[in-house]
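Okay, structure first, notes after.
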Amino acid sequence: MQDIKYIPSNHPGAFERHLIRKENNPLFGDRKTIIDNDSLMQAQKQDHEIVQQFMLDFREVMSQAVTFKPNEESDIILEVKDKLDKLYATSASVADDQSRIRESIKKLIGVIMQSVRKGAEGDAHALQELDQEDMAREANFAFLESQLVADILDPDSPIENEDLVPTLLSASKDDLALANQLFDQEQLTYILTEAEALLNRLESDGHDVTQAAENFVFIEGYKQFIEQQQK
């Protein structure tokens with residue numbers, strides 16, 4: 001019987017992305033992978049299960065939202081809004097093209113926020129807090145345009161702690177520019193220390209670490225920038 005040939009997905013999920021990221025990548029040491037049919041199928045299966053759960057959660061929240069009463073209790077409205085915020089973050093990481101669902105979530109959050117603002121009319125402090133929340137949400141959604149950021153923020157991410165530094169050193173500059181902003185100075189110091197040791201070790205073993213070294217300098221430059229900003 002002929003083996004089935006599995007090919008990478010057009011819109012891979014977090015597990016498949018991480019599998020591809022580790023393929024023949026010496027930065028991951030013993031955890032680097034050689035992709036074959038079995039490993040790719042397993043990663044795609046994990047991503048498919050996550051998509052299925054995501055779609056179930058999305059439909060459940062949408063069903064809850066369309067049954068809002070004209071004077072729905074604020075606690076219920078805010079609960080749905082929080083679920084939508086979390087679903088948006090999940091949508092940025094799961095497999096398949098979720099752009100239309102993300103737009104639907106954005107629109108529904110906008111409708112909910114209009115209702116919340118209406119209830120806060122006349123309360124300047126509450127309206128100011130809502131403005132700040134809107135700005136924070138927009139900034140967060142902008143971060144989530146990077147699937148790397150979405151993967152790092154995902155509590156169930158396949159990127160384990162020991163994979164973080166190799167992942168950052170393997171990232172594109174656009175992804176790295178956003179991912180850097182997830183970490184404070186202490187965390188960046190730790191990342192740079194671990195990265196320097198890893199690069200020195202790989203270079204001594206004869207590996208080409210040119211791109212990884214450029215990413216190291218990029219992270220180091222960002223750390224210096226935020227240090228200057230705080231002076």
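The values are calculated or read from the model by the stated rules, or taken from the named source; none is laboratory data. Predicted, not measured: the structure shown is a model, and the values here were computed from it. Backbone-built Cβ (ideal geometry, glycine too); neighbour counts: all protein chains shown. For the accessible areas, the whole protein counts, side chains as well, though only heavy atoms, and no ligand, DNA or RNA atoms are used. Shrake-Rupley method; radii C 1.70, N 1.55, O 1.52, S 1.80 Å.
Counting just the residues of the range 183-231 that are among the β-branched types (V, I, T) and in a helix (DSSP H, G or I), which one comes out modelled with the lowest pLDDT?
Going residue by residue through the range 183-231, those that are among the β-branched types (V, I, T) are 189, 191, 193, 209-210, 217, 219, 226.
Then drop every residue that is not in a helix (DSSP H, G or I), which leaves 189, 191, 193, 210, 217, 219, 226.
Details: T189: 97, I191: 98, T193: 98, T210: 97, V217: 98, I219: 98, I226: 93.
The residue in question is I226.
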What about Q185, is it surrounded by 12 or more Cβ atoms within 10 Å (Cβ to Cβ) and either under 24 Å from Q98 (Cβ atoms) or in contact with a helix residue (DSSP H, G or I) (Cβ under 9 Å, 6 or more places away or on another chain) (or both)? no
The condition of being over 30 Å from V111 (Cβ atoms) and out of contact with any Gly (no Cβ under 8 Å at 6 or more places or on another chain) holds, among A142, A197, A150, only for A197
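Conditions tested, residue by residue: (1) open to solvent by 90 Å² or more (accessible area, probe 1.4 Å); (2) under 30 Å from V111 (Cα atoms); (3) among the β-branched types (V, I, T); (4) under 19 Å from the mean Cα position of the chain (by Cα).
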{"residue": "H11", "(1), (2), (3), (4)": "yes, yes, no, yes"}
{"residue": "L19", "(1), (2), (3), (4)": "no, no, no, yes"}
{"residue": "D38", "(1), (2), (3), (4)": "yes, no, no, no"}
{"residue": "E72", "(1), (2), (3), (4)": "no, yes, no, no"}
{"residue": "K83", "(1), (2), (3), (4)": "no, yes, no, yes"}
For the range 177-184, indicate whether the set of residues that are under 21 Å from E16 (Cβ atoms) and either among the basic types (K, R) or in contact (Cβ under 8 Å) with a residue 40 or more places away in the chain (or both) is non-empty. no
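Among the residues of the range 73-96, write down those that are touching a residue at least 40 places away in the same chain (Cβ under 8 Å) and over 20 Å from L153 (Cβ atoms).
From the range 73-96, those touching a residue at least 40 places away in the same chain (Cβ under 8 Å) are 74, 85, 88-90, 92-96; that's our starting set.
Within the range 73-96, S74 is the sole residue that qualifies.
Looking at Q64, Q42 in this structure, which one is farther than 29 Å from R137 by Cβ and either of a type outside the set (S, T, Y) or in contact with a helix residue (DSSP H, G or I) (Cβ under 8 Å, 6 or more places away or on another chain) (or both)?
Details: Q64 fails: farther than 29 Å from R137 by Cβ.
Matching residue, one of Q64, Q42: Q42.
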Flag if V149 is surrounded by 17 or more Cβ atoms within 10 Å (Cβ to Cβ), β-branched (V, I, T) and either at pLDDT below 95 or more than 17 Å from L87 (Cβ to Cβ) (or both): no
Of the conditions (1) acidic (D, E); (2) part of a helix (DSSP H, G or I); (3) within 30 Å of N180 (Cα to Cα), the single one that E145 does not satisfy is (2)
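Scan the range 152-176 residue by residue and report those that are over 23 Å from K86 (Cα atoms), open to solvent by less than 50 Å² (accessible area, probe 1.4 Å) and either in contact with a Lys or Arg (Cβ under 7 Å, 6 or more places away or on another chain) or part of a helix (DSSP H, G or I) (or both). Talk me through it step by step, then tell me what you get.
The first filter runs over the range 152-176 and keeps only residues over 23 Å from K86 (Cα atoms), leaving 162-163, 165-174.
Next, only the ones that are open to solvent by less than 50 Å² (accessible area, probe 1.4 Å) stay: 163, 165-171.
Result: D163, V165, P166, T167, L168, L169, S170.
Suppose the filter is open to solvent by 40 Å² or more (accessible area, probe 1.4 Å), in contact with a helix residue (DSSP H, G or I) (Cβ under 8 Å, 6 or more places away or on another chain) and of a type in the set (D, E); does D96 pass it? Let's see the steps before the verdict.
On the way: open to solvent by 40 Å² or more (accessible area, probe 1.4 Å): yes; in contact with a helix residue (DSSP H, G or I) (Cβ under 8 Å, 6 or more places away or on another chain): yes; of a type in the set (D, E): yes.
In short, yes.
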Among the listed residues M135, M113, identify the single one that is in contact with a Leu (Cβ under 9 Å, 6 or more places away or on another chain), within 30 Å of F68 (Cα to Cα) and of a type in the set (A, V, I, L, M, F, W, C). M113
When the residues of the range 68-106 are narrowed to those that are at pLDDT below 90 and in a loop (DSSP other than H, G, I, E, B), which ends up nearest to H11 (Cα to Cα)? F68
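Quick one: is K22 in contact with a strand residue (DSSP E or B) (Cβ under 9 Å, 6 or more places away or on another chain) and at pLDDT 95 or above?
On the way: in contact with a strand residue (DSSP E or B) (Cβ under 9 Å, 6 or more places away or on another chain): yes; at pLDDT 95 or above: yes.
Criteria met by K22.
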